[in-house]
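Report on one structure; see the data block that follows.
The values are calculated or read from the model by the stated rules, or taken from the named source; none is laboratory data. Keep in mind it's a predicted model, so treat the numbers as computed, not measured. In this analysis, Cβ positions are derived from the backbone assuming ideal geometry, glycine residues included, and neighbour counts consider all displayed protein chains. The accessibility values were calculated without ligands, DNA or RNA, using every heavy atom of the protein model including side chains. Shrake-Rupley method; radii C 1.70, N 1.55, O 1.52, S 1.80 Å.
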Amino acid sequence: MTPALLLLSLLTAFTVPCPGLPGPVPIHRGEAVEGPDWSALEGFVADQMEAGCLPGMSLALVNEERVLWSAAFGWADLESGLEATPETAFQLASVSKAWDAAALMAAREAGALTLSDDIHQHLPFRVENPLLGADQPPMRINHLASHTAGLQDNSDAIVYA
């Protein structure tokens, strides 16, 4: 490849947005405490999203007391070109599994529960599998954590706006 073609290829790679995305990643800042240069962080996140062809996300930095910074990046809906805002609700899906596992292990280590506990020891309401009827065995925390409780995920019925 000639140096001119290589330079043209490199320039094209840095000026053309990720295929399938409407354009450069839009950024909508939510909260931000005074002082830090949040625009540098926002630019870094936008660059990483474009490099990874990620359509949209929201991020927040928090401490024990408050939100230090929050922003939304990209799109909430690619088909309509609707940009993500700090108020956009994203589906968490499997991302929450790691957080749930860490919280369960912390609670277990603190002695607040065991993985073999019946979930009704810790819930103020009843959860039953309608397919098992009245004689169902106890639903335990480890069943929920391992997706073996027999509960159906109705994600197709959940509406996100």
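Would you tally the residues in segment 132-153 being outside any loop (DSSP other than H, G, I, E, B) and either modelled with pLDDT of 95 or more or among the aliphatic types (A, V, I, L, M) (or both)?
Qualifying residue count for the region: 3.
Does segment 82-131 hold any residues that are at pLDDT 85 or above and basic (Lys, Arg), and which are they?
Arg108, Arg126, listed by residue number.
Are any residues in segment 78-104 in a strand (DSSP E or B) and touching a residue at least 12 places away in the same chain (Cβ under 8 Å), and if so, which ones?
Passing the criteria: only Glu83.
Of the numbered conditions (1) over 16 Å from the mean Cα position of the chain (by Cα); (2) open to solvent by less than 70 Å² (accessible area, probe 1.4 Å), Ser96 satisfies every one except a single condition; which is it?
Going through the list (1) over 16 Å from the mean Cα position of the chain (by Cα); (2) open to solvent by less than 70 Å² (accessible area, probe 1.4 Å), Ser96 breaks only (1).
For segment 129-149, give me each residue that is under 28 Å from the mean Cα position of the chain (by Cα) and not polar (S, T, N, Q).
Met139, Arg140, Ile141, His143, Leu144, Ala145, His147, Ala149, listed by residue number.
Please identify the pairs in which a residue from segment 105-122 that is part of a helix (DSSP H, G or I) has its Cβ atom under 7 Å from the Cβ atom of a residue that is of a type in the set (A, V, I, L, M), counting only partners at least 6 apart or on another chain.
Ala107/Leu113; Arg108/Leu115; Ile119/Val127; Ile119/Met139; Ile119/Ile141; Ile119/Leu144
Would you pick out the residues in segment 115-143 that are surrounded by fewer than 10 Cβ atoms within 10 Å (Cβ to Cβ) and either in contact with a strand residue (DSSP E or B) (Cβ under 9 Å, 6 or more places away or on another chain) or of a type in the set (Asp, Glu) (or both)?
Within segment 115-143, just Asp135 meets the criteria.
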